[in-house]
Amino acid sequence: MDREWVVVVGAGLMGTGIAHAFLAGGCDVALMDPDPQALGRAANQIGRILDEGVQRGKMSASDAAAARSGLRPVSSATELGQGAALVVETAVEDLAVKQQIVRSLEPLLGEHTVLATNTSALSITEIASAARRAQRVIGMHFFNPVQKMKLVEIVRGLETDDATLALARHWCERIGKTHIVVNEAPGFTTSRISALLGNEAMTMLHEGVASAEDIDTSLRMAFNHPMGPLELGDLTGWDTRLKVLQYLHQTLGEKFRPCPLIIKMVKAGRTGRKVGRGVYDYDADGQRIPGSGLRVR
C-alpha cells in the first residue's frame, strides 16, 4: 500500500490522536504546531500508543517502526509544500481561529487537497467561507481517545462537493473508522446529545441531587455507558464543553444554557484531566485520585 501524506494541524490531545490514527493507517503525517514542546510531547505519546499496539498484538513491530518513521513534526506552514492529500485542523473551538487557519493554509496546498476541520460543533459552512475552494472543506469529527473510539462524524457544509465527501469516506475507511454523514446543523448529532447530557449531569451536581461518583455510576450501570458524563467532561475538557454549550445556546436556544458550575470551573482552571483537575483530580499519569475532586457547596 502506498503511503500518502496527511497534515495534522495542532499537536494537542486530539491532534496527537489523529496523527497516530493516520500513521497507523499507513500514511506519512506532518504534525504542525508552533510549540516545539507540544510537538515533543505528541511524538512521545504517539510512540507510547504504538508500543501498546504492538504489546496487545494489534500491529507488528515492523508496522509500528514504519509508523514512527512516517511522523514529521513541523513548526510552520511554510514547511508543508503542496504534496498533502488531506489536511485536518484540530485548533480550539473558535470560529475566527479556524477561519484564519484555513485562510493561511489554503494558498500553500495543492488544488485538490481536502481541508478537514475536527470541530465538534461549529459551522463547517462558516469555516469554509474563509477558503477560495469551499467545496474542498469538510468536517471530520474524531472522538477522544482517537485510538479507541471507532466513530468519525463526516459533516457536509453548504458548499462541500460530492468528490470531497467521497474522499472523506475513503480516509475513514483507510484508518479503520466507522463513519456517519451529517448535513451541517449546530452540534451535528453527537455533540448536540452529549452537550445536553453533560450539562444536565453538571446541573444535578450543582443542585446537590447526587454526588459526582453516583451520577457517573448511574449512567454507566443503568445505560451501559462506558464512562459517566462527568468523567467524560473531564476527559474532553470543560473549557471545550463550555465553548460548545455557548455556541449551541446561541444557535439552538435556552435548553443549552451552560450550567453555572461549568462556568465557575473553567474560571477556576479546573478544565479536566489535561490539567489534573476537573470534577475529579488526576495524578501525573492521568489516573484518577480516589476520594479527591470538586466539592460543591
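List of remarks:
- Any hit, the stretch 8-19, residues being touching a helix residue (DSSP H, G or I) at 6+ places or on another chain (Cβ under 8 Å), in a loop (DSSP other than H, G, I, E, B) and assigned by TED's automatic domain parsing to the domain that holds V114: yes
- So M149, is it under 26 Å from I262 (Cα atoms) and outside any helix (DSSP H, G or I): yes
- Output for the stretch 96-155, where each listed residue is surrounded by fewer than 17 Cβ atoms within 10 Å (Cβ to Cβ) and of a type in the set (G, A, S): A96, S104, G110
- Of the residues making up the stretch 66-116, those that are β-branched (V, I, T), within 18 Å of the chain's Cα centre (by Cα) and either part of a helix (DSSP H, G or I) or not assigned by TED's automatic domain parsing to the domain that holds D162 (or both) are V97, I101, V102.
- Summed over the stretch 240-260, residues that are out of contact with any Lys or Arg (no Cβ under 7 Å at 6 or more places or on another chain) and either free of Cβ contacts under 8 Å to residues at least 60 places away in the same chain or outside any helix (DSSP H, G or I) (or both) total 12.
One line per residue, one yes/no per condition, for (1) buried (at least 16 other Cβ atoms within 10 Å of the Cβ); (2) among the aliphatic types (A, V, I, L, M); (3) outside the structural domain of M140 (by TED's automatic domain parsing):
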| site | (1), (2), (3) |
| --- | --- |
| L196 | yes, yes, yes |
| E200 | no, no, yes |
| L205 | yes, yes, yes |
| V209 | no, yes, yes |
| S218 | yes, no, yes |
| A222 | no, yes, yes |
| H225 | no, no, yes |
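- Within the stretch 117-139, the residues that satisfy the criterion of being of a type outside the set (A, V, I, L, M, F, W, C) and under 21 Å from the mean Cα position of the chain (by Cα) are T117, N118, T119, S120, S123, T125, E126, R136, G139.
- Only one entry in V54, V9 is at negative phi, surrounded by 15 or more Cβ atoms within 10 Å (Cβ to Cβ) and in contact (Cβ under 8 Å) with a residue 40 or more places away in the chain, namely V9.
The values are calculated or read from the model by the stated rules, or taken from the named source; none is laboratory data. Bear in mind that the values here come from a model prediction, so they are computed numbers and not experimental data. We place every Cβ from the backbone using ideal geometry, glycine too, and count neighbours over all the protein chains shown.
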